[in-house]
Amino acid sequence: MPAAAVHTEEPDPADSPPTAGTGPDLGGPPPGGEEDRSAVRSLLRLWPYVRPVRVRLFSAAGVAIVASCIGLVIPLVLKWLVDGPVADRDPAGVWLGGLLILALGVAEAALFGFRRWLVARPLAGVEAAMRSSLYRHLQRLPVSFHDRWASGQLLSRGTTDLQLIRMFLAFPLTFLVVNGTTIAVGCAVLLAQEWTLGLVLLAPVIPLVALCSAFERRFFGAARRAQDQVGDLTTVVEEAVLGIRIVKGFGRHRSQAQAFRRLTHELRGTELHKARLLAGIWALIMTLPELAIGAALVLGTVQVADGDLSAGTLVAFLSTAMALRWPVESIGFLLAMCNEAATAADRYFEVMDEPQADAADRRTAGAVDTARTADTAKTTSANTGRTAAAGPPAAVPAQRGGSAPGPDTSPPAADGIRFTGVVFRHPDTGPDAEPVLAGVDLHVRSGETLALVGATGSGKTTLTALVPRLYEPTAGRISLDGRDITDLPRDELRELVAVAFEEPTLFSATAGENVLMGSYEAEEHDLLRALDIAQADFVHQLPDGHRTEVGEQGLSLSGGQRQRLALARAIVGRPRFLVLDDPLSALDVHTEALVEAALRRVLATTTALVVAHRPSTVLLADRVALLSGGRVAAVGTHDELLHGSAEYRALMAGVTEERTQDAAGAAHGEEGEQR
């Protein structure tokens, strides 16, 4: 899909402040807790994105400061007008003063409008650049990250949180500077006019600072909680939309509505708590200055009556004080927006701080290689017999922690896929947990098709996911034609290896575009060939052929049709290595036979690893590997394992019986249709 156009240059990752690189638990507070959190520190991390537009942003702040200072000139004109033309009964002077005040007001309004024009386009570009960076980063994060994070949390960070950040850059950031400068200049003007009245007006400053500090600490927790709840709510909505068939099929709309209602009530309560905090601080911020202005008015009136102060000076003083009301009263509102933006920045960088797959490889290469060496030594000694059956292991290359070898320009040896002492534990489990794979030694010879067979939970799908590095093995080594997959750039690795999963995923695009995602270089004749091999001829009967939109998740198609498109996507690029995770499970008996017949032509020219549950799929393979308890229990041809492995016979017998029942059911169904 085309990337969104942005109006700013992309920030250099080197410009970003150093980070811990560890993400929080889903929905929890940012690392370090509230006591270590600084809103200023969080917001400063936005600088690499803001830097390309800093000139216009600083210019806008300067324009706004000038506009606010013009507003402070108006009280001085009023002082001259009252003490001069009004006192002297000079109509011409009154008209002149009125026109001057009008001109100052128009200039102030024009400058504020110019400020908004200055920041609108570049800040929209900043938001687009941040969203583009987030999307690109999400594509480069390991699959284990996406296993841990709810999609709704990621969606809310890419939409709601970025909108809050843009609003902060457009309004609160500028006006914190502008209003702070206006208050400082206004206080200087007040003290210059009458220092005793100025001190009366400045009396609330200390309690206001203390109140704002307490408000900032309390509001942060509420803002973070609300934004996390928005992410949870987004997750529920997304799951309900994607799973609408399940919701309707099981009549669970009431329970889903109750879950949604509960989350909305929680969010409503949090937002009301935020509103109460904001109302409390705003009431105090408005009340204390008003009391100070009232006290200054009484004291100033007494001074005018005693002849110690001119009426014009009192009018100018009170006009200046009234001009400062909005900058002072907006403090609570601006602080609230700053805290929301700071929590949004925290949530955004929680994702951006997660190490990308290649970065994580570099950071942990030495430690992982050490663990792999130790585990490989143990598992090799424990599995000598199995290693011999699978073929001699390839030599383990020098550890990446040592001196880097020169580039290998020799052509790769035709060694196929080799697993050597492969151990895998899920990243969120402890080192003492039972591994999913416990020392797998296996060799898929070049040009060979090897079927993986085993009971549910034996580790078949996990093993296939390790080949394209969707997950990283905890220990051991995987090589393709003699090259360690960790030494291959991921882009190159995934050009060599094509994958078709048991659960096919389609995108909101045309049928042809979904298939062509399997190769950058494939053309229309490759597309037609892949559709033919996958027996996906139904595509040609669609309203616009392969240019027909299949809708989100391909739900307009049947399960078997989606699976055939996924299979076509895997073979469209003529990959050197093919990994198929039970790619025919959703097909009926007749379609399966046709797909298998066509698939034999592809498998004859590639090295393939196929997860198989059906005997017909097993028969596509040259050899079969039986996985049991995360280990390779036996390797051989289908006939050899039938005669030599009781576990394999039991698996095939159970599948054959189930398949016979399915076929009988299909036959009865056909008879019913004919009748």
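The values are calculated or read from the model by the stated rules, or taken from the named source; none is laboratory data. Bear in mind the structure is a predicted one, so any value in this text is a computation, not a measurement. Cβ coordinates were reconstructed from backbone atoms using ideal geometry, including for glycine residues, and neighbour counts include every protein chain displayed. Surface areas here come from the heavy atoms of the whole protein model, side chains and all, with no ligands, DNA or RNA. Shrake-Rupley method; radii C 1.70, N 1.55, O 1.52, S 1.80 Å.
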Express the accessible area of segment 482-532 per residue in Å², computed with a 1.4 Å probe while the remaining protein chains stay in the model. 54
Quick one: net charge around Val66, please, counting Lys, Arg +1 and Asp, Glu -1 for every other residue with C-beta under 10 Å from its C-beta. 0
Taking only protein heavy atoms into account and a 1.4 Å probe, give the accessible area per residue of segment 127-206 in Å². 42
With a 1.4 Å probe and all protein chains left in place, how much of the accessible area of segment 167-212 comes from carbon and sulfur atoms, in whole percent? 86
Ignoring any ligand, DNA or RNA, what whole percent of the accessible area of segment 241-283 comes from carbon and sulfur when the probe is 1.4 angstrom? 62
Which chymotrypsin sites (Phe, Trp or Tyr not before Pro) does segment 250-342 hold that lie in a coil by DSSP with at most 12 other beta carbons within 10 Å? Phe250
Extension gain (nm, one decimal) between Ser213 and Gln541, 0.36 nm per residue minus Cα-Cα: 111.4 nm
At 1.4 Å probe radius, can you tell me the per residue accessible area of segment 541-611 in Å²? 40
Low-density loop chymotrypsin sites (Phe, Trp or Tyr not before Pro), segment 501-601, at most 12 other Cβ within 10 Å, DSSP non-H/G/I/E/B, are Tyr520
Take the Cβ-Cβ distance between Lys248 and His146 as r, set R0 to 25 Å, and report the resulting FRET efficiency rounded to the nearest 0.05. 0.40
